[in-house]
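The values are calculated or read from the model by the stated rules, or taken from the named source; none is laboratory data. Note that the structure is a prediction, hence the values are computed from the model and not measured. Glycine gets a Cβ as well: all are built from the backbone with ideal geometry, and neighbour counts include every protein chain shown. Note: accessible area is taken over every heavy atom of the protein model, side chains too, but ligands, DNA and RNA are not part of it. Shrake-Rupley method; radii C 1.70, N 1.55, O 1.52, S 1.80 Å.
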Amino acid sequence: MPGVAKSALQGDLSMPTEWKAVGEVDKLFVFPVKSLAHVEVENFNTGPFAAESGFMVDRQFMVVDKKDKFTTSRKFPSMSLIQPEVTQTHLTLKYPGMEDISVNIPAVETLEGCKEYEIFGDPCKGFDVGPEVGEWLSDVILNDPEGGMRLLYHPKVDSTRPDKPTNEEIAPNMKPGDKPYFADTFAYMMMSQPSIDELNKLLDEEDVDLVVEEKRFRPNIFINGEFPAFAEDEWAYIKVGEVIFRNSRACDRCVFTTVDPFMGDKHPQGEPLKTLRKYRCAEDPAEKKVYGSAPLFGVFLAVEKCGNIKVGDKVCIGKH
């Protein structure tokens, strides 16, 4: 069965001194609340821990349940239909058939003394936004206002996530500081149209009645260009406008890919995850131990040179 022979970057991983254009930025997305709906933007600033656009910061808010476990659309796919809006002082959440709720964004500049939570084994801290929005989220997600959901906030300070342990075999280009606020593992994720096109071709070959597009995979940066599918896997550095990103490692995928971002439900046959598992799983023994049956699709990025990126910016890679 086909797969990814080796996802870890190979060869010279030094910063390029010369660049060549391979495409351009097609779309940009910010997800103010982890696992809720996206907000498409024309540009964003590349903070060290998150994309920032206007008053929005990527995954600066997160929902937890009554047991303090982070809650996502993996389990409750309707969460992906909750639309966030952010102003300087307020977060507003909207959901079909429900009255909107608007809450004050906490005026805190430290998480010292705040409760500790966990994201896939990573300890992190968050400030509880209050019972009113918790009841609203419980009503939407659980149909029970007393269900115990709460919303956490991370101010725009250093991430409370721990440094990443180095792993030269799996992620030789990753650095300990490659961490986000409440995103799963990294601050940025990039995908490409050629890779989406190839997945749709594979779905068609597998007789799957599904055409996917990028929003299902929740990238921050979506690019297009005249390059082969999955070429981005091998780009050690990516220059977008004047911003330079480093490819930390491949993005491993889960059941979230089966959630339709427009309908808020899961595909009954578990697609496109089933097809991705057939064609995009790691084959290298060491990588298999890390990724298991999680297919690889898209790349996680970290910022080497901060700045602002916008739709239409040239995407460049190092000249070989």
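Report the extension gain between residue 255 and residue 55 in nm, rounded to one decimal, defined as 0.36 nm multiplied by the number of residues separating them, less their alpha carbon distance. Present the calculation step by step, with values, prior to reporting the outcome.
Details: separation 200, 0.36 × 200 = 72.00 nm, distance 3.02 nm.
Between residue 255 and residue 55, full extension yields 69.0 nm more.
Suppose R0 equals 45 Å; then what is the FRET efficiency for residue 211 and residue 14 from their Cβ-Cβ distance, rounded to the nearest 0.05?
Values: r = 40 Å, r/R0 = 0.89.
With a Förster radius of 45 Å, E is 0.70.
According to a simple spin-label model (label point 7 Å from Cα along Cα-to-Cβ), what is the distance in nm between residue 168 and residue 320?
Between residue 320 and residue 168, the simple spin-label model gives 2.3 nm.
Once the Cα atoms of helix 131-142 and of the chain are each reduced to a long axis, what angle between those two axes, in degrees from 0 to 90 to the nearest 10, is obtained?
60
Considering only protein heavy atoms, what per residue accessible area in square angstrom results for the chain with a 1.4 angstrom probe?
Values: 14490 Å² over 320 residues.
In whole numbers, the chain has 45 Å² accessible per residue.
Considering only protein heavy atoms and a probe of 1.4 Å, how much of the accessible area of segment 237-320 is carbon and sulfur, as a whole percent? Let's see the in-between values first.
On the way: 1920 of 3600 Å².
Answer for segment 237-320: carbon and sulfur cover 53 percent of the accessible area.
If you bin the C-alpha pair distances of segment 74-218 every 10 Å from 0, what whole percents do you get?
Over segment 74-218, the share of Cα pairs per 10 Å bin runs 9, 27, 32, 23, 8, 0 percent.
Please provide three numbers in whole Å: the alpha-carbon extents of segment 156-279 along the principal axes, with the largest listed first.
Result for segment 156-279: principal-axis Cα extents of 44, 32, 29 Å.
Taking the convex hull of the Cα atoms, report for the chain its projected area averaged over all directions, in nm².
Details: hull surface 64.4 nm².
With the hull built on Cα positions only, its mean projection is 16.1 nm².
So what is the calculated 222 nm ellipticity per residue for the chain, using -39500 (n - 2.57) for each DSSP H run with n of 4 or more, over all residues, to the nearest 500 deg cm²/dmol? Walk me through the numbers on the way to the answer.
Working: 4 runs with 39 residues, N = 320.
Helices in the chain give a 222 nm mean residue ellipticity of -3500 deg cm²/dmol.
Work through the residues other than residue 196 whose Cβ is under 11 Å from its Cβ and net out their charges, Lys, Arg +1 and Asp, Glu -1. Write down the numbers at each step before the final one.
Numbers: positive: 201, 215, 216; negative: 26, 197, 198, 213, 214.
Residues close to residue 196 contribute a combined charge of -2.
Pop out the carbon and sulfur fraction of the accessible area of segment 1-153 as a percent, whole number, probe 1.4 Å.
Values: 3560 of 7460 Å².
Its accessible area is 48 percent carbon and sulfur atoms.
Within segment 158-218, what whole-number % of the accessible surface is contributed by carbon and sulfur, with the 1.4 Å probe and all protein chains included in the calculation?
Numbers: 1110 of 2560 Å².
About 43 percent, which is the carbon plus sulfur part of the accessible surface.
Taking the 0 to 90 degree range and rounding to the nearest ten, how far is the long axis of helix 193-205 tilted relative to the main principal axis of the chain, both from C-alpha atoms?
Its long axis makes an angle of about 90 degrees.
Would you look at the GNM of the chain, springs on alpha carbons closer than 10 Å, and say which of 278, 67, 215 moves the most?
Top of the fluctuation ranking is 67.
If I take all pairs of Cα atoms in segment 234-320, what percentage of them are more than 19 Å from each other?
On the way: 2036 of 3741 pairs.
In whole percent, the share of Cα-Cα pairs in segment 234-320 beyond 19 Å is 54.
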